[in-house]
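Contents: one structure, followed by commentary.
The values are calculated or read from the model by the stated rules, or taken from the named source; none is laboratory data. Predicted, not measured: the structure shown is a model, and the values here were computed from it. Neighbour counts run over all protein chains shown; Cβ positions are idealised from the backbone, glycine included.
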Ligand SMILES: NC(=O)c1ccc[n+]([C@@H]2O[C@H](COP(=O)([O-])OP(=O)(O)OC[C@H]3O[C@@H](n4cnc5c(N)ncnc54)[C@H](O)[C@@H]3O)[C@@H](O)[C@H]2O)c1
(Lines give C-alpha, C1' and ligand atoms only; values in the text may rest on other atoms or scores of the structure.)
Protein backbone atom coordinates (compact mmCIF):
# COMPACT_ATOMS: atom_id res chain seq x y z
CA UNK A 1 0.00 0.00 0.00
CA UNK A 2 1.20 3.48 -0.82
CA UNK A 3 1.73 5.54 2.33
CA UNK A 4 1.50 8.96 0.70
CA UNK A 5 -1.48 10.78 2.30
CA UNK A 6 -2.71 7.43 3.64
CA UNK A 7 -4.72 7.70 6.89
CA UNK A 8 -2.95 5.64 9.54
CA UNK A 9 -3.60 5.05 13.26
CA UNK A 10 -0.74 4.01 15.54
CA UNK A 11 -1.65 3.02 19.10
CA UNK A 12 0.70 2.87 22.06
CA UNK A 13 2.63 5.55 20.20
CA UNK A 14 3.85 7.68 23.11
CA UNK A 15 7.10 5.73 23.34
CA UNK A 16 9.17 2.81 22.14
CA UNK A 17 8.12 0.83 19.08
CA UNK A 18 4.89 2.75 18.49
CA UNK A 19 6.51 6.20 18.62
CA UNK A 20 9.26 5.17 16.18
CA UNK A 21 6.71 3.56 13.83
CA UNK A 22 4.65 6.75 13.85
CA UNK A 23 7.79 8.76 12.99
CA UNK A 24 8.58 6.48 10.03
CA UNK A 25 5.03 6.55 8.68
CA UNK A 26 4.78 10.33 9.02
CA UNK A 27 8.13 10.67 7.25
CA UNK A 28 6.72 8.55 4.40
CA UNK A 29 3.87 11.04 4.00
CA UNK A 30 1.04 9.24 5.81
CA UNK A 31 -1.67 11.18 7.65
CA UNK A 32 -0.94 9.82 11.10
CA UNK A 33 -3.07 9.69 14.25
CA UNK A 34 -1.22 8.63 17.39
CA UNK A 35 -3.12 7.34 20.43
CA UNK A 36 -1.82 6.54 23.92
CA UNK A 37 -2.89 6.67 27.55
CA UNK A 38 0.04 8.98 28.37
CA UNK A 39 -1.38 12.42 27.53
CA UNK A 40 1.86 14.37 27.96
CA UNK A 41 4.09 12.14 25.90
CA UNK A 42 1.55 11.51 23.12
CA UNK A 43 1.08 15.27 22.81
CA UNK A 44 4.84 15.67 22.38
CA UNK A 45 5.01 12.98 19.68
CA UNK A 46 2.06 14.57 17.89
CA UNK A 47 3.85 17.93 17.84
CA UNK A 48 7.15 16.38 16.75
CA UNK A 49 5.74 14.57 13.70
CA UNK A 50 2.75 16.86 13.05
CA UNK A 51 0.26 14.08 13.74
CA UNK A 52 -3.14 14.16 15.39
CA UNK A 53 -2.49 13.09 18.99
CA UNK A 54 -5.25 11.60 21.13
CA UNK A 55 -4.93 10.70 24.80
CA UNK A 56 -7.08 7.65 25.50
CA UNK A 57 -7.18 4.56 27.69
CA UNK A 58 -7.59 1.98 24.96
CA UNK A 59 -8.96 -0.58 27.41
CA UNK A 60 -12.04 1.66 27.71
CA UNK A 61 -14.29 0.68 24.77
CA UNK A 62 -16.32 3.92 24.71
CA UNK A 63 -13.23 6.14 24.86
CA UNK A 64 -11.64 4.02 22.11
CA UNK A 65 -14.66 4.38 19.85
CA UNK A 66 -14.59 8.14 20.41
CA UNK A 67 -10.86 8.29 19.64
CA UNK A 68 -11.30 6.34 16.39
CA UNK A 69 -14.18 8.68 15.48
CA UNK A 70 -11.95 11.72 16.07
CA UNK A 71 -9.22 10.20 13.88
CA UNK A 72 -11.74 9.47 11.12
CA UNK A 73 -13.08 13.00 11.23
CA UNK A 74 -9.61 14.53 10.98
CA UNK A 75 -7.99 12.26 8.38
CA UNK A 76 -10.68 10.03 6.89
CA UNK A 77 -11.13 6.33 7.75
CA UNK A 78 -7.80 4.68 8.51
CA UNK A 79 -6.46 2.28 5.89
CA UNK A 80 -3.79 1.08 8.30
CA UNK A 81 -3.93 0.35 12.02
CA UNK A 82 -0.68 -0.45 13.81
CA UNK A 83 -1.39 -1.66 17.33
CA UNK A 84 1.61 -1.15 19.58
CA UNK A 85 -0.26 -0.60 22.82
CA UNK A 86 0.96 -3.00 25.46
CA UNK A 87 1.21 -3.55 29.17
CA UNK A 88 3.96 -5.66 30.71
CA UNK A 89 4.00 -6.55 34.35
CA UNK A 90 5.78 -9.72 35.44
CA UNK A 91 4.16 -11.42 38.38
CA UNK A 92 4.41 -14.94 39.69
CA UNK A 93 1.27 -17.11 40.01
CA UNK A 94 2.27 -17.73 43.61
CA UNK A 95 4.51 -15.60 45.77
CA UNK A 96 5.06 -15.00 49.48
CA UNK A 97 1.77 -13.04 49.72
CA UNK A 98 -0.22 -15.92 48.19
CA UNK A 99 -1.76 -16.32 44.75
CA UNK A 100 -1.48 -13.54 42.18
CA UNK A 101 -4.58 -11.28 42.37
CA UNK A 102 -6.93 -12.27 39.56
CA UNK A 103 -7.38 -8.61 38.62
CA UNK A 104 -3.69 -8.42 37.61
CA UNK A 105 -4.29 -11.18 35.07
CA UNK A 106 -7.52 -9.56 33.92
CA UNK A 107 -5.83 -6.15 33.41
CA UNK A 108 -3.12 -7.55 31.12
CA UNK A 109 -5.68 -9.47 29.06
CA UNK A 110 -7.86 -6.36 28.86
CA UNK A 111 -5.08 -4.10 27.57
CA UNK A 112 -3.09 -6.55 25.44
CA UNK A 113 -5.86 -8.72 23.99
CA UNK A 114 -9.37 -7.34 24.41
CA UNK A 115 -8.39 -3.75 23.54
CA UNK A 116 -6.60 -5.11 20.46
CA UNK A 117 -9.68 -7.00 19.33
CA UNK A 118 -11.82 -3.92 19.96
CA UNK A 119 -9.55 -1.71 17.84
CA UNK A 120 -9.50 -4.32 15.07
CA UNK A 121 -13.29 -4.52 14.94
CA UNK A 122 -13.67 -0.72 14.90
CA UNK A 123 -10.98 -0.20 12.27
CA UNK A 124 -12.23 -3.07 10.09
CA UNK A 125 -15.78 -1.69 10.11
CA UNK A 126 -14.42 1.52 8.53
CA UNK A 127 -11.96 -0.20 6.16
CA UNK A 128 -14.57 -2.40 4.50
CA UNK A 129 -16.49 0.72 3.41
CA UNK A 130 -13.43 2.20 1.66
CA UNK A 131 -12.97 1.83 -2.10
CA UNK A 132 -10.37 -0.87 -2.82
CA UNK A 133 -6.98 -0.04 -4.33
CA UNK A 134 -6.28 -1.41 -7.83
CA UNK A 135 -4.96 -4.68 -6.27
CA UNK A 136 -8.19 -5.15 -4.31
CA UNK A 137 -6.66 -4.14 -0.97
CA UNK A 138 -8.73 -2.02 1.38
CA UNK A 139 -6.78 -2.05 4.60
CA UNK A 140 -4.22 -3.57 6.93
CA UNK A 141 -4.21 -4.28 10.66
CA UNK A 142 -0.87 -4.99 12.35
CA UNK A 143 -0.66 -6.34 15.89
CA UNK A 144 2.43 -6.27 18.07
CA UNK A 145 2.60 -9.51 19.96
CA UNK A 146 5.75 -10.98 21.57
CA UNK A 147 8.08 -13.97 21.56
CA UNK A 148 6.65 -14.49 25.08
CA UNK A 149 3.54 -15.80 23.32
CA UNK A 150 5.66 -18.85 22.42
CA UNK A 151 8.40 -18.89 25.05
CA UNK A 152 7.11 -17.07 28.10
CA UNK A 153 9.40 -17.00 31.11
CA UNK A 154 8.51 -17.81 34.71
CA UNK A 155 6.47 -14.86 35.99
CA UNK A 156 5.05 -14.13 32.53
CA UNK A 157 1.95 -16.37 32.57
CA UNK A 158 -0.45 -13.42 32.27
CA UNK A 159 1.62 -11.47 29.71
CA UNK A 160 2.26 -14.60 27.64
CA UNK A 161 -1.41 -15.60 27.71
CA UNK A 162 -2.48 -12.12 26.58
CA UNK A 163 0.05 -12.08 23.73
CA UNK A 164 -0.73 -15.72 22.84
CA UNK A 165 -4.37 -14.72 22.44
CA UNK A 166 -3.30 -12.10 19.92
CA UNK A 167 -1.24 -14.68 17.99
CA UNK A 168 -4.23 -17.03 17.82
CA UNK A 169 -6.46 -14.25 16.52
CA UNK A 170 -4.32 -13.33 13.49
CA UNK A 171 -5.16 -16.20 11.12
CA UNK A 172 -8.93 -16.39 11.69
CA UNK A 173 -9.13 -12.59 11.46
CA UNK A 174 -7.12 -12.59 8.21
CA UNK A 175 -9.37 -15.33 6.79
CA UNK A 176 -12.52 -13.41 7.67
CA UNK A 177 -11.38 -9.91 6.72
CA UNK A 178 -9.57 -11.10 3.59
CA UNK A 179 -13.03 -11.34 2.03
CA UNK A 180 -13.01 -7.53 2.06
CA UNK A 181 -9.38 -7.04 1.05
CA UNK A 182 -8.18 -6.34 4.60
CA UNK A 183 -4.96 -8.02 5.78
CA UNK A 184 -4.13 -8.92 9.38
CA UNK A 185 -0.49 -9.47 10.41
CA UNK A 186 1.34 -9.89 13.71
CA UNK A 187 4.90 -8.92 14.60
CA UNK A 188 6.53 -10.70 17.55
CA UNK A 189 9.52 -8.67 18.76
CA UNK A 190 12.32 -10.29 20.74
CA UNK A 191 14.34 -7.90 22.92
CA UNK A 192 14.02 -4.22 22.02
CA UNK A 193 15.47 -1.52 24.26
CA UNK A 194 12.21 0.10 25.40
CA UNK A 195 10.23 0.61 28.61
CA UNK A 196 8.44 -2.73 28.13
CA UNK A 197 11.71 -4.62 28.02
CA UNK A 198 12.95 -2.98 31.21
CA UNK A 199 9.65 -3.83 32.92
CA UNK A 200 9.82 -7.51 31.93
CA UNK A 201 13.50 -8.37 32.19
CA UNK A 202 14.70 -7.56 35.68
CA UNK A 203 18.21 -8.86 35.14
CA UNK A 204 19.30 -7.04 32.04
CA UNK A 205 22.98 -7.61 31.52
CA UNK A 206 25.45 -8.42 28.78
CA UNK A 207 24.73 -12.17 29.08
CA UNK A 208 21.23 -11.55 27.80
CA UNK A 209 22.36 -9.91 24.58
CA UNK A 210 24.91 -12.69 24.03
CA UNK A 211 22.02 -15.15 24.05
CA UNK A 212 20.86 -13.43 20.85
CA UNK A 213 22.58 -15.35 18.00
CA UNK A 214 23.15 -12.15 15.98
CA UNK A 215 23.36 -9.21 16.38
CA UNK A 216 24.46 -9.26 20.05
CA UNK A 217 22.41 -6.25 21.07
CA UNK A 218 18.83 -5.19 21.74
CA UNK A 219 16.72 -4.38 18.73
CA UNK A 220 16.36 -0.73 17.81
CA UNK A 221 12.77 0.56 17.47
CA UNK A 222 13.66 1.77 13.95
CA UNK A 223 14.17 -1.89 12.95
CA UNK A 224 10.63 -2.64 14.09
CA UNK A 225 9.35 0.38 12.14
CA UNK A 226 11.21 -0.84 9.04
CA UNK A 227 9.39 -4.17 9.23
CA UNK A 228 6.04 -2.41 9.65
CA UNK A 229 6.81 -0.38 6.51
CA UNK A 230 7.72 -3.54 4.60
CA UNK A 231 4.53 -5.33 5.69
CA UNK A 232 2.53 -2.31 4.50
CA UNK A 233 4.20 -2.45 1.08
CA UNK A 234 4.15 -6.24 0.61
CA UNK A 235 0.59 -7.41 0.02
CA UNK A 236 1.57 -11.11 0.16
CA UNK A 237 2.26 -10.91 3.89
CA UNK A 238 -1.00 -11.87 5.55
CA UNK A 239 -2.43 -14.09 8.29
CA UNK A 240 0.93 -14.69 9.90
CA UNK A 241 3.13 -13.59 12.80
CA UNK A 242 6.67 -12.48 11.93
CA UNK A 243 9.32 -12.88 14.60
CA UNK A 244 11.80 -10.01 14.82
CA UNK A 245 14.35 -11.26 17.30
CA UNK A 246 17.85 -11.76 15.85
CA UNK A 247 17.25 -15.52 16.20
CA UNK A 248 16.78 -15.23 19.97
CA UNK A 249 14.96 -18.15 21.61
CA UNK A 250 14.63 -18.49 25.34
N1 LIG B 1 10.38 -3.91 23.86
C2 LIG B 1 10.38 -5.21 23.74
O3 LIG B 1 11.41 -5.87 23.92
C4 LIG B 1 9.10 -5.92 23.39
C5 LIG B 1 9.17 -7.30 23.19
C6 LIG B 1 8.04 -7.99 22.84
C7 LIG B 1 6.84 -7.30 22.67
N8 LIG B 1 6.77 -5.97 22.87
C9 LIG B 1 5.47 -5.30 22.67
O10 LIG B 1 5.64 -4.16 21.85
C11 LIG B 1 4.60 -3.23 22.10
C12 LIG B 1 5.22 -1.86 22.28
O13 LIG B 1 5.96 -1.85 23.49
P14 LIG B 1 7.28 -1.00 23.68
O15 LIG B 1 8.39 -1.96 23.81
O16 LIG B 1 7.36 0.05 22.65
O17 LIG B 1 7.02 -0.41 25.16
P18 LIG B 1 6.47 1.00 25.62
O19 LIG B 1 6.13 0.82 27.06
O20 LIG B 1 7.47 2.03 25.26
O21 LIG B 1 5.13 1.25 24.78
C22 LIG B 1 3.84 0.80 25.17
C23 LIG B 1 2.90 1.97 25.09
O24 LIG B 1 1.55 1.52 25.38
C25 LIG B 1 0.93 2.55 26.14
N26 LIG B 1 -0.22 2.01 26.88
C27 LIG B 1 -0.18 1.12 27.92
N28 LIG B 1 -1.44 0.89 28.35
C29 LIG B 1 -2.28 1.64 27.59
C30 LIG B 1 -3.68 1.81 27.55
N31 LIG B 1 -4.51 1.19 28.41
N32 LIG B 1 -4.21 2.66 26.63
C33 LIG B 1 -3.40 3.32 25.75
N34 LIG B 1 -2.06 3.19 25.75
C35 LIG B 1 -1.50 2.35 26.64
C36 LIG B 1 2.02 3.07 27.06
O37 LIG B 1 1.72 4.35 27.58
C38 LIG B 1 3.23 3.06 26.13
O39 LIG B 1 3.40 4.31 25.48
C40 LIG B 1 3.86 -3.74 23.34
O41 LIG B 1 2.67 -4.38 22.92
C42 LIG B 1 4.84 -4.75 23.94
O43 LIG B 1 4.18 -5.73 24.68
C44 LIG B 1 7.89 -5.25 23.21
Legend entry - Any pair with Cβ under 6 angstrom, 6 or more apart, that starts in the stretch 181-201 at a residue that is under 13 Å from residue 89 (Cβ atoms) and in contact (Cβ under 8 Å) with a residue 40 or more places away in the chain and ends at one that is more than 7 Å from the ligand (Cβ to nearest atom) and assigned to a loop (DSSP other than H, G, I, E, B): 200/90
Inset, instruction - Looking only at the stretch 19-31, decide whether some residue is closer than 16 Å to residue 123 by Cα and touching a strand residue (DSSP E or B) at 6+ places or on another chain (Cβ under 9 Å). - result: yes
Legend entry - Near pairs, Cβ below 7 angstrom, 6+ apart or cross-chain, from the stretch 31-60 (assigned to a loop (DSSP other than H, G, I, E, B)) to any residue that is away from the ligand (no atom under 14 Å from the Cβ): 50/26; 51/26; 51/32
Inset, instruction - Would you mind finding the one in 246, 239 that is touching a strand residue (DSSP E or B) at 6+ places or on another chain (Cβ under 8 Å), away from the ligand (no atom under 16 Å from the Cβ) and part of a loop (DSSP other than H, G, I, E, B)? - result: 239
Inset, instruction - List the number of the failed condition for residue 14; all other conditions in (1) within 15 Å of the ligand (Cβ to nearest atom); (2) in contact (Cβ under 8 Å) with a residue 60 or more places away in the chain hold. - result: (2)
Legend entry - Positions within the stretch 124-167 being in a helix (DSSP H, G or I) and more than 16 Å from the ligand (Cβ to nearest atom), in sequence order: 124, 125, 126, 127
Legend entry - Residue in the stretch 218-233 that is farthest from the ligand (Cβ to nearest atom), counting only those that are out of contact with any strand residue (DSSP E or B) (no Cβ under 7 Å at 6 or more places or on another chain) and within 16 Å of residue 185 (Cβ to Cβ): 233
Inset, instruction - Could you grab me the full set of residues in the stretch 85-111 that are touching a helix residue (DSSP H, G or I) at 6+ places or on another chain (Cβ under 9 Å) and in a helix (DSSP H, G or I)? - result: 104, 105, 106, 107, 108, 109, 110, 111
Legend entry - Every residue from the stretch 168-185 that is surrounded by 16 or more Cβ atoms within 10 Å (Cβ to Cβ) and assigned to a loop (DSSP other than H, G, I, E, B): 180, 181
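Given the residues 58, 52, which is the only one that is more than 16 Å from the chain's Cα centre (by Cα) and either under 21 Å from residue 130 (Cβ atoms) or surrounded by 16 or more Cβ atoms within 10 Å (Cβ to Cβ) (or both)? It would help to see each step written out before you state the result.
On the way: 58 fails: more than 16 Å from the chain's Cα centre (by Cα).
Checking each option against the conditions leaves just 52.
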Legend entry - Breaking point among (1) near the ligand (Cβ under 10 Å from one of its atoms); (2) in a helix (DSSP H, G or I), for residue 188: (2)
Inset, instruction - Check off (1) within 16 Å of the ligand (Cβ to nearest atom); (2) in a helix (DSSP H, G or I) for residue 215 and give me the number that stays unchecked. - result: (2)
Inset, instruction - Would you check if there is a residue in the stretch 31-41 being at pLDDT 95 or above, closer than 23 Å to residue 241 by Cβ and near the ligand (Cβ under 9 Å from one of its atoms)? - result: yes
Inset, instruction - Determine the pairs where a residue that is without any contact (Cβ under 8 Å) to a residue 12 or more places away in the chain, located within the stretch 90-116, has a partner that is assigned to a loop (DSSP other than H, G, I, E, B) with Cβ atoms under 6 Å apart, the partner being 6 or more residues away or on another chain. - result: none
Inset, instruction - Answer with yes or no whether residue 79 is crowded, with 16+ Cβ neighbours inside 10 Å and touching a residue at least 60 places away in the same chain (Cβ under 8 Å). - result: yes
